[in-house]
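Participant: Structure incoming, see below.
Since every read-out is calculated from the coordinates, none of them should be taken as a lab result. None of the values given here were measured: they were computed from a predicted structure. Here the Cβ positions follow ideal geometry from the backbone for every residue, glycine too, while neighbour counts run over all protein chains shown.
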Amino acid sequence: MFDREFAATSAESISSFQRGQAATACLVRVAALLDDPRVAAEFSAAAGLVHQIRDVAVAQAEGRPSEVDLSVLEQGVRDFLGPDDDPYEELPGWGAWAMDITSLAAYVLRTWQLPEKSAKNCFNVLLATYSIVGYLEDDSESDDVPELADAEFQRQMDDISALSSGGAWDGICRDSLVLAQSYLQWFQRIEA
């Protein structure tokens, strides 16, 4: 179960840069869901945008400067989701997944863009990732789906703990890439 208070306190306990890394690790784990052909066929623009944001965030997490204007990516998010201040109506079927993951990517982008608000944005990434992974469990057609959401929350707290202890980003990113493939395999068992 997602412990909101513990997650918020954990996000606040690390530096702004480390929050960006923790948020990026979450995006690395779920961005691959948009590679599923059922989603990519209809929402290729959203998938491309999320992958661009992921790539920029990974570069930032590695300490490399962004070669992409982050405001252009933010505008791409707004073009897909609608104005920031307006609630948006979620698309049906695979569109809901595309919107949720794009929204998560927007929070990752903001975690990097707004260091003074990075704790709040990082928390939003943690919660959104937990929810998306929870949908993998809830919507699965498989009887043997493990408790993915609880394991995701534990992974998030382990990432934050590792970062606060000086853990290397490469290992966190590598583990996230492996988990991304596992999430994609569970996603492929879902029917819209």
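Participant: Taking loop as defined by DSSP and a crowding limit of 10 other beta carbons within 10 Å, which GluC sites (Glu not before Pro) in the stretch 100-145 fit?
Facilitator: Taking the stretch 100-145 and a limit of 10 other Cβ atoms within 10 Å, the loop GluC sites (Glu not before Pro) found are 141.
Participant: Give me the number: length gained by fully extending residue 13 to residue 139, i.e. 0.36 nm times residue separation minus the C-alpha to C-alpha distance, one decimal in nm.
Facilitator: Extending this stretch completely gives an extra 42.0 nm.
Participant: Then there is this: State the Cα centre-to-centre distance between the stretch 45-98 and the stretch 100-134 in whole Å.
Facilitator: That distance is 11 Å.
Participant: Here is a follow-up. Within 10 Å, count the other beta carbons around each residue, average over each peptide in 63-70, 11-18, and list them highest first. Spell out each step's value before the answer.
Facilitator: Values: 63-70: 10.6, 11-18: 17.2.
Averaged packing, sorted descending, gives the order 11-18, 63-70.
Participant: Given Cβ point charges of +1 (Lys, Arg) and -1 (Asp, Glu) and nothing else, what value in debye, to the nearest 20, does the dipole of the stretch 4-187 about its Cα centre take? Each step should come with its number before you reach the end.
Facilitator: Details: 12 positive and 31 negative charges, 150 e Å.
For this selection, approximately 720 debye.
Participant: With the Cα gyration tensor of the chain in hand, convert its eigenvalues to equivalent ellipsoid semi-axes via √(5λ) and list them largest first in whole Å.
Facilitator: Semi-axes, largest first: 23, 21, 15 Å.
Participant: Say R0 is 25 Å: what FRET efficiency, to the nearest 0.05, do residue 74 and residue 154 get from their beta-carbon distance?
Facilitator: Here the calculated transfer efficiency is 0.20.
Participant: Turning to a different aspect of this structure: Applying the Karplus parametrisation 6.51 cos²θ - 1.76 cosθ + 1.60 with θ = phi - 60° to the phi angles of the stretch 113-124, what ³J(HN,Hα) value in whole Hz is obtained for each residue in order, glycine and proline being reported as x?
Facilitator: So the Karplus estimates, Gly and Pro as x, are 6, 10, x, 5, 10, 5, 5, 5, 5, 4, 4, 4 Hz.
Participant: A further question follows. Averaging sequence separations of C-alpha pairs under 8 Å and six or more residues apart, then dividing by the length of the stretch 64-133, give the relative contact order as a whole percent.
Facilitator: Answer for the stretch 64-133 is 26 percent.
Participant: Please tell me the relative contact order of the chain in percent, rounded to the nearest whole number, where contacts are Cα pairs under 8 Å and at least six residues apart. Before the final figure, lay out the partial values.
Facilitator: Details: 237 pairs, mean separation 69.1, N = 192.
Once divided by the residue count of the chain, the mean separation gives 36 percent.
Participant: To continue, here is another question. So how far apart, in nm, are the two label points at residue 3 and residue 40 if each is 7 Å from Cα heading toward Cβ?
Facilitator: Once both label points are built, they end up 3.8 nm from each other.
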